[in-house]
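Notes for the one structure printed next.
The values are calculated or read from the model by the stated rules, or taken from the named source; none is laboratory data. Because the structure is predicted, anything quoted here is derived from the model rather than measured. Heads up, the Cβs are rebuilt from the backbone with ideal geometry, glycines too, and the neighbour counts pull from every protein chain shown. Just the protein is used for accessible areas: all its heavy atoms, side chains included, with ligands, DNA and RNA removed. Shrake-Rupley method; radii C 1.70, N 1.55, O 1.52, S 1.80 Å.
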Amino acid sequence: MNELWINIIGYTASICMILGYLPQAIVTMRTRDTDGIAMPTFCMLGLGSIFFVIQGLALSNWPLVVTNVITTVCSVIIFGIKIYNDYFRKK
């Protein structure tokens, strides 16, 4: 497969990942409702994003880096909201 098609697939995957993750992140940030979030699963997804950032940097794969920086930032924000709700609000 030539490099152009590989890049198109990479950018398309990036757009799909961001558009798939961002709406849920925005709803969680607005409502502060984290009852449906399973912490172990969410932590694994966040760690996966961090490792994909590292891999993307190592490979100079910018769609991979940008996509996973966005999902990592959203994950950190949601993680903070989840910790606050579970441990400081005494739910």
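Tell me the Kirkwood hydrodynamic radius of the chain in angstroms, computed as one over the mean inverse distance between distinct C-alpha pairs.
About 14.2 Å for the chain.
Which Cα, out of Asn61, Met44, Ala13, lies furthest along the positive dipole direction of the chain (beta carbon charges, K/R +1, D/E -1)? Of the options given, the answer is Met44.
Split the accessible area of the chain by element, probe 1.4 Å, and carbon with sulfur accounts for 72%. In a reduced charge model with +1 at each Lys and Arg Cβ and -1 at each Asp and Glu Cβ, the chain shows a dipole moment near 440 debye about its Cα centre. For the set Asp86, Asp33, the ranking by accessible area, highest first and with no ligand, DNA or RNA atoms included, is Asp33, Asp86 under a 1.4 Å probe. The angle separating the long axis of helix 39-59 from the principal Cα axis of greatest extent in the chain is about 30 degrees.
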